[in-house]
1. If ligands, DNA and RNA are left out, what is the accessible area of HIS181 with a 1.4 Å probe, given in Å² to the nearest 10?
2. What shape does the range 178-233 have by the C-alpha gyration tensor, where a ≥ b ≥ c are the square roots of the eigenvalues, rounded means a/c under 1.5, and otherwise prolate means a/b greater than b/c and oblate the rest?
3. Identify, among ASN228, MET110, ALA211, the residue whose Cα sits farthest towards the positive end of the charge dipole of the chain, taking +1 on the Cβ of Lys and Arg and -1 on the Cβ of Asp and Glu, with the dipole about the Cα centre.
4. What does the charge dipole of the range 65-144 about its Cα centre add up to, to the nearest 20 debye, if the Cβ of each Lys and Arg holds +1 and the Cβ of each Asp and Glu holds -1?
5. Given the options MET1, GLY25, THR58, identify the residue whose Cα lies farthest towards the positive end of the charge dipole of the chain (+1 on Cβ of Lys, Arg; -1 on Cβ of Asp, Glu).
6. Which whole-Hz couplings ³J(HN,Hα) result when phi for each residue of the range 100-113 is put into the Karplus expression 6.51 cos²θ - 1.76 cosθ + 1.60, θ = phi - 60°, listed in order with x for Gly and Pro?
7. Work out the count of Lys pairs in the chain where the Cα-Cα distance is under 23 Å, with the pair 8 or more places apart or on different chains.
8. VAL192's amide H: which non-local residues (gap 5+, or another chain) put their own amide H closer than 5 Å, with H modeled 1.01 Å from N in plane and none for Pro or chain starts?
Amino acid sequence: MARPIIGIISNNELVNGQYPAHTGGQMNSQAISKVAGCIPFLIPADPTVVTVEELLETCDGFLLTGGRPNVHPSQYGEVPTPAYGDFDENRDAITLPLVRACVERGQPIMGICRGFQEVNVAMGGSLYPEIRDLPGRDNHRMPPDGTLEEKFALRHCVSLSENGPFAALLGSPKVMTNTLHGQGIKEPGSRVVVDGYAPDGTPEAIYIKDAPGFTLSVQWHPEWNASNDPVSRPLFEALGDAARKWQAAKSAELASA
(Lines give C-alpha, C1' and ligand atoms only; values in the text may rest on other atoms or scores of the structure.)
Protein backbone atom coordinates (compact mmCIF):
# COMPACT_ATOMS: atom_id res chain seq x y z
CA MET A 1 0.00 0.00 0.00
CA ALA A 2 1.25 3.50 -0.85
CA ARG A 3 2.11 5.86 1.96
CA PRO A 4 -0.79 7.95 3.28
CA ILE A 5 -1.14 11.46 1.85
CA ILE A 6 -0.87 14.42 4.21
CA GLY A 7 -2.20 17.63 2.71
CA ILE A 8 0.03 20.57 3.66
CA ILE A 9 -1.75 23.92 3.57
CA SER A 10 0.23 26.41 1.49
CA ASN A 11 0.53 30.17 1.87
CA ASN A 12 -0.34 32.75 -0.77
CA GLU A 13 2.72 34.89 -1.45
CA LEU A 14 4.22 37.21 -4.05
CA VAL A 15 7.64 36.04 -5.18
CA ASN A 16 9.92 39.01 -5.78
CA GLY A 17 7.00 41.23 -4.88
CA GLN A 18 4.99 40.48 -8.02
CA TYR A 19 4.70 36.78 -8.98
CA PRO A 20 1.77 35.09 -7.17
CA ALA A 21 2.65 31.69 -5.75
CA HIS A 22 1.43 29.00 -3.40
CA THR A 23 4.36 28.28 -1.09
CA GLY A 24 5.23 25.74 1.57
CA GLY A 25 8.28 25.37 3.79
CA GLN A 26 10.59 22.49 2.97
CA MET A 27 10.87 21.67 6.68
CA ASN A 28 7.19 20.75 6.72
CA SER A 29 7.53 18.41 3.74
CA GLN A 30 10.65 16.80 5.21
CA ALA A 31 8.92 16.21 8.55
CA ILE A 32 5.88 14.65 6.88
CA SER A 33 7.99 12.40 4.65
CA LYS A 34 10.89 11.45 6.91
CA VAL A 35 9.24 11.43 10.34
CA ALA A 36 5.52 10.89 9.77
CA GLY A 37 6.27 8.45 6.93
CA CYS A 38 3.65 9.97 4.64
CA ILE A 39 3.53 11.66 1.24
CA PRO A 40 3.61 15.46 1.59
CA PHE A 41 1.03 17.02 -0.73
CA LEU A 42 1.09 20.82 -1.04
CA ILE A 43 -2.44 22.25 -1.16
CA PRO A 44 -3.14 25.56 -2.92
CA ALA A 45 -4.95 27.66 -0.33
CA ASP A 46 -7.49 29.06 -2.74
CA PRO A 47 -11.19 28.11 -2.79
CA THR A 48 -11.43 29.01 -6.49
CA VAL A 49 -9.17 26.12 -7.51
CA VAL A 50 -9.90 23.41 -4.93
CA THR A 51 -12.80 22.53 -2.65
CA VAL A 52 -12.77 21.24 0.90
CA GLU A 53 -14.77 18.21 -0.23
CA GLU A 54 -12.13 17.31 -2.81
CA LEU A 55 -9.37 17.63 -0.24
CA LEU A 56 -11.16 15.40 2.25
CA GLU A 57 -11.45 12.67 -0.37
CA THR A 58 -7.89 13.06 -1.66
CA CYS A 59 -5.89 13.25 1.57
CA ASP A 60 -5.63 10.99 4.61
CA GLY A 61 -4.74 13.84 6.97
CA PHE A 62 -3.73 17.49 7.04
CA LEU A 63 -0.98 19.73 8.36
CA LEU A 64 -1.98 23.35 8.91
CA THR A 65 1.32 25.18 8.71
CA GLY A 66 2.58 28.49 10.04
CA GLY A 67 2.43 31.62 7.90
CA ARG A 68 3.09 35.32 8.17
CA PRO A 69 -0.48 36.52 7.37
CA ASN A 70 -3.01 36.06 10.17
CA VAL A 71 -6.57 34.77 10.31
CA HIS A 72 -8.89 37.66 9.45
CA PRO A 73 -10.42 38.97 12.70
CA SER A 74 -13.89 39.11 11.14
CA GLN A 75 -13.82 35.30 11.48
CA TYR A 76 -14.10 35.75 15.25
CA GLY A 77 -16.16 38.91 15.46
CA GLU A 78 -13.40 41.53 15.68
CA VAL A 79 -12.76 44.60 13.53
CA PRO A 80 -9.40 44.53 11.73
CA THR A 81 -6.82 47.12 12.77
CA PRO A 82 -3.12 47.51 11.87
CA ALA A 83 -2.28 45.55 15.04
CA TYR A 84 -3.69 42.41 13.43
CA GLY A 85 -1.10 42.50 10.64
CA ASP A 86 -1.61 41.06 7.17
CA PHE A 87 -4.30 38.56 6.20
CA ASP A 88 -4.84 35.63 3.83
CA GLU A 89 -8.58 35.28 3.41
CA ASN A 90 -8.25 32.66 0.68
CA ARG A 91 -6.44 30.44 3.17
CA ASP A 92 -9.12 31.15 5.79
CA ALA A 93 -11.76 30.02 3.30
CA ILE A 94 -10.05 26.62 2.98
CA THR A 95 -8.72 25.90 6.44
CA LEU A 96 -11.60 26.92 8.70
CA PRO A 97 -14.25 24.66 7.10
CA LEU A 98 -11.59 21.97 6.63
CA VAL A 99 -10.89 21.89 10.36
CA ARG A 100 -14.55 21.56 11.21
CA ALA A 101 -15.03 18.77 8.68
CA CYS A 102 -11.98 16.85 9.92
CA VAL A 103 -13.12 17.11 13.53
CA GLU A 104 -16.54 15.76 12.59
CA ARG A 105 -15.20 12.95 10.38
CA GLY A 106 -12.31 11.94 12.63
CA GLN A 107 -9.81 12.70 9.87
CA PRO A 108 -6.35 13.50 11.30
CA ILE A 109 -5.33 17.15 11.48
CA MET A 110 -2.45 18.98 13.16
CA GLY A 111 -2.02 22.74 13.41
CA ILE A 112 1.29 24.60 13.76
CA CYS A 113 1.49 28.28 14.78
CA ARG A 114 -1.04 29.96 12.44
CA GLY A 115 -2.56 26.51 11.97
CA PHE A 116 -2.95 26.20 15.75
CA GLN A 117 -4.79 29.53 15.71
CA GLU A 118 -6.93 28.40 12.75
CA VAL A 119 -8.09 25.36 14.71
CA ASN A 120 -9.17 27.59 17.58
CA VAL A 121 -10.99 30.07 15.32
CA ALA A 122 -12.65 27.28 13.32
CA MET A 123 -14.15 26.00 16.57
CA GLY A 124 -15.49 29.44 17.54
CA GLY A 125 -12.53 30.83 19.48
CA SER A 126 -10.79 34.21 19.26
CA LEU A 127 -7.24 35.57 19.11
CA TYR A 128 -5.20 38.39 20.60
CA PRO A 129 -3.60 40.54 17.86
CA GLU A 130 -0.23 40.76 19.66
CA ILE A 131 0.79 38.70 22.69
CA ARG A 132 3.78 40.87 23.60
CA ASP A 133 1.49 43.90 24.11
CA LEU A 134 -0.46 42.19 26.89
CA PRO A 135 0.47 42.94 30.54
CA GLY A 136 2.74 40.27 31.95
CA ARG A 137 3.27 38.49 28.65
CA ASP A 138 6.58 37.81 26.91
CA ASN A 139 7.66 38.52 23.36
CA HIS A 140 7.04 35.28 21.50
CA ARG A 141 8.04 36.60 18.08
CA MET A 142 10.89 35.21 16.01
CA PRO A 143 14.18 37.00 16.74
CA PRO A 144 14.76 39.48 13.88
CA ASP A 145 18.44 38.63 13.51
CA GLY A 146 20.62 35.54 13.56
CA THR A 147 20.87 32.21 11.77
CA LEU A 148 17.95 29.81 11.34
CA GLU A 149 19.43 27.76 14.17
CA GLU A 150 19.30 30.80 16.43
CA LYS A 151 15.78 31.79 15.36
CA PHE A 152 14.40 28.28 15.90
CA ALA A 153 16.34 27.63 19.11
CA LEU A 154 14.49 26.34 22.16
CA ARG A 155 13.40 29.41 24.12
CA HIS A 156 10.87 28.47 26.78
CA CYS A 157 9.24 25.64 28.67
CA VAL A 158 5.70 24.46 28.00
CA SER A 159 3.85 23.01 30.98
CA LEU A 160 1.43 20.25 29.94
CA SER A 161 -1.51 18.75 31.80
CA GLU A 162 -0.11 15.75 33.66
CA ASN A 163 -2.95 13.46 32.57
CA GLY A 164 -3.45 15.00 29.13
CA PRO A 165 -2.64 13.56 25.69
CA PHE A 166 0.44 15.72 25.12
CA ALA A 167 2.21 14.58 28.30
CA ALA A 168 1.34 10.98 27.47
CA LEU A 169 2.70 11.32 23.94
CA LEU A 170 5.82 13.32 24.83
CA GLY A 171 6.62 11.45 28.01
CA SER A 172 6.81 14.48 30.29
CA PRO A 173 4.58 17.24 31.69
CA LYS A 174 7.25 19.81 30.82
CA VAL A 175 8.96 20.27 27.45
CA MET A 176 11.21 22.88 25.86
CA THR A 177 10.10 24.50 22.60
CA ASN A 178 10.93 27.29 20.19
CA THR A 179 8.61 30.28 19.81
CA LEU A 180 8.02 32.34 16.66
CA HIS A 181 4.53 33.84 16.83
CA GLY A 182 2.88 37.19 17.40
CA GLN A 183 -0.77 36.29 17.95
CA GLY A 184 -2.26 33.80 20.37
CA ILE A 185 -5.46 32.36 21.76
CA LYS A 186 -7.73 34.81 23.57
CA GLU A 187 -10.80 32.65 24.14
CA PRO A 188 -10.70 28.92 23.38
CA GLY A 189 -13.32 27.73 20.94
CA SER A 190 -16.05 25.21 21.67
CA ARG A 191 -14.49 21.88 22.70
CA VAL A 192 -10.98 23.34 22.40
CA VAL A 193 -8.96 22.09 25.39
CA VAL A 194 -5.81 24.04 26.23
CA ASP A 195 -3.43 21.29 27.33
CA GLY A 196 -0.20 23.30 27.62
CA TYR A 197 0.94 26.80 28.55
CA ALA A 198 4.09 28.91 28.25
CA PRO A 199 5.46 30.38 31.51
CA ASP A 200 3.59 33.65 30.87
CA GLY A 201 0.24 31.89 30.51
CA THR A 202 0.10 31.82 26.70
CA PRO A 203 -1.71 28.70 25.38
CA GLU A 204 0.74 26.48 23.50
CA ALA A 205 -0.93 23.07 23.04
CA ILE A 206 -4.56 22.23 22.27
CA TYR A 207 -6.80 19.36 21.24
CA ILE A 208 -10.52 19.01 20.50
CA LYS A 209 -12.55 17.36 23.25
CA ASP A 210 -14.36 14.16 22.22
CA ALA A 211 -13.07 14.36 18.63
CA PRO A 212 -13.03 10.89 17.04
CA GLY A 213 -9.64 11.50 15.39
CA PHE A 214 -6.21 13.10 15.89
CA THR A 215 -6.47 16.84 16.64
CA LEU A 216 -3.28 17.77 18.53
CA SER A 217 -2.05 21.28 17.58
CA VAL A 218 0.81 23.42 18.88
CA GLN A 219 1.72 27.11 18.88
CA TRP A 220 5.43 26.39 18.40
CA HIS A 221 7.21 25.06 15.28
CA PRO A 222 7.96 21.33 15.61
CA GLU A 223 8.93 21.04 11.93
CA TRP A 224 12.36 22.45 12.86
CA ASN A 225 14.76 19.55 13.51
CA ALA A 226 11.77 17.22 13.54
CA SER A 227 13.85 14.07 13.01
CA ASN A 228 16.01 14.65 16.09
CA ASP A 229 14.04 16.79 18.53
CA PRO A 230 12.45 14.62 21.29
CA VAL A 231 9.34 16.84 21.36
CA SER A 232 8.87 17.28 17.61
CA ARG A 233 9.44 13.71 16.50
CA PRO A 234 6.61 12.09 18.52
CA LEU A 235 4.12 14.68 17.24
CA PHE A 236 4.83 13.90 13.59
CA GLU A 237 5.03 10.16 14.25
CA ALA A 238 1.59 10.30 15.89
CA LEU A 239 0.17 12.24 12.95
CA GLY A 240 1.58 9.62 10.59
CA ASP A 241 0.13 6.77 12.64
CA ALA A 242 -3.27 8.47 12.63
CA ALA A 243 -3.10 8.94 8.84
CA ARG A 244 -2.24 5.26 8.34
CA LYS A 245 -5.20 4.28 10.49
CA TRP A 246 -7.48 6.54 8.44
CA GLN A 247 -6.06 5.15 5.17
CA ALA A 248 -6.59 1.56 6.31
CA ALA A 249 -10.18 2.25 7.34
CA LYS A 250 -10.88 3.96 4.02
CA SER A 251 -9.37 1.03 2.09
CA ALA A 252 -11.42 -1.48 4.07
CA GLU A 253 -14.57 0.51 3.39
CA LEU A 254 -13.88 0.57 -0.34
CA ALA A 255 -13.09 -3.15 -0.37
CA SER A 256 -16.39 -4.00 1.26
CA ALA A 257 -18.45 -1.71 -0.97
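1. Using a 1.4 Å probe on the heavy atoms, I get roughly 10 Å².
2. Oblate is the answer for the range 178-233, as a/c is 1.5 or above yet b/c matches or exceeds a/b.
3. ASN228
4. 220
5. Result: MET1, furthest along the dipole toward the positive end.
6. Going residue by residue, I get 4, 5, 5, 4, 5, 7, x, 7, x, 8, 9, x, 10, 6 Hz, with x marking Gly and Pro.
7. Numbers: LYS34/LYS151; LYS34/LYS245; LYS151/LYS174; LYS174/LYS186; LYS174/LYS209; LYS186/LYS209; LYS209/LYS245.
Lysine pairs meeting the criterion: 7.
8. LYS209
The values are calculated or read from the model by the stated rules, or taken from the named source; none is laboratory data. Small disclaimer: the values here were computed from a predicted structure and weren't measured. We place every Cβ from the backbone using ideal geometry, glycine too, and count neighbours over all the protein chains shown. When the accessible area is computed, the model is the full protein with side chains, heavy atoms only, and any ligands, DNA or RNA have been set aside. Shrake-Rupley method; radii C 1.70, N 1.55, O 1.52, S 1.80 Å.
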